[in-house]
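Trainee: One structure follows; several queries about it will come next.
The values are calculated or read from the model by the stated rules, or taken from the named source; none is laboratory data. It should be emphasised that the depicted structure is a prediction, and the values quoted were computed from it without experimental measurement. In this analysis, Cβ positions are derived from the backbone assuming ideal geometry, glycine residues included, and neighbour counts consider all displayed protein chains.
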Amino acid sequence: MTELTNETRQALIDLGNEARRRAYVPYSNYRVGAALRGKSGKIYTGVNVENAAYPVTMCAERVALFKAVSEGECEFDAISVVTDNGGSPCGSCRQVLAEFGLDIIVLIADGEGNLVEKTTVHALLPGAFGPEHLV
Ligand code: THU
């Protein structure tokens, strides 16, 4: 697992927290922000984007990841997930993150910018179905 400096860790949390202001959440009012650090050092933020047709809502983590992949970055060190109450990534986001690395560090933080839990995709989704199962 790549280690993160305290500075990088807090920068990811702060960027995720800041991004929450742009969350589009007219239905739940539950603001989620994510900041994903590519191995290049570039950071991609994401917010949850809700929809009147509720199930097509997209989570902040996946917005960040899809932004990164669409810009050509497919390897990642860490992601922050920031909510008011330190909520944990949903199952769909765990699966999507697992596709790109079980070692990705996941920083779960609250709206005050405090780290609630530091974990990994592997710990959040043990026994993940992955690309290796398809060969
Ligand atoms: N949400 C995320 O953005 N990420 C998660 O991992 C969990 C849930 C969003 C989806 C919806 O807009 C709101 O939080 C409430 O479920």
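Trainee: What residue, among those in the stretch 54-79 that are among the aliphatic types (A, V, I, L, M), touching a strand residue (DSSP E or B) at 6+ places or on another chain (Cβ under 7 Å) and free of Cβ contacts under 8 Å to residues at least 40 places away in the same chain, is surrounded by the fewest Cβ atoms within 10 Å (Cβ to Cβ)?
Mentor: Taking the candidates together, the pick is Met58.
Trainee: Have a look at Phe66, Phe76, Phe129 and point out the one that is within 18 Å of Tyr24 (Cα to Cα) and modelled with pLDDT of 95 or more.
Mentor: Only one candidate passes the filter, namely Phe66.
Trainee: Looking at the structure I just gave you, is Val135 more than 11 Å from the chain's Cα centre (by Cα) and more than 14 Å from the ligand (Cβ to nearest atom)?
Mentor: So Val135 fits the description; yes.
Trainee: Name the one entry in Ala123, Ala68 that is outside any loop (DSSP other than H, G, I, E, B) and closer than 18 Å to Gly33 by Cβ.
Mentor: Selected residue: Ala68, the only one of Ala123, Ala68 that is outside any loop (DSSP other than H, G, I, E, B) and closer than 18 Å to Gly33 by Cβ.
Trainee: Okay, moving on. Let me spell it out: the conditions are (1) assigned to a loop (DSSP other than H, G, I, E, B); (2) out of contact with any Asp or Glu (no Cβ under 8 Å at 6 or more places or on another chain), and Arg21 meets all of them except one. Which number is the exception?
Mentor: (1)
Trainee: Here is a further query. Considering only the stretch 87-114, how many residues are surrounded by 15 or more Cβ atoms within 10 Å (Cβ to Cβ) and either acidic (Asp, Glu) or part of a strand (DSSP E or B) (or both)?
Mentor: Adding up the residues that qualify gives 7.
Trainee: Of the residues Arg22, Arg31, Arg37, which single one is more than 10 Å from the ligand (Cβ to nearest atom), over 24 Å from Phe100 (Cα atoms) and either touching a residue at least 24 places away in the same chain (Cβ under 8 Å) or crowded, with 21+ Cβ neighbours inside 10 Å (or both)?
Mentor: Only one candidate passes the filter, namely Arg22.
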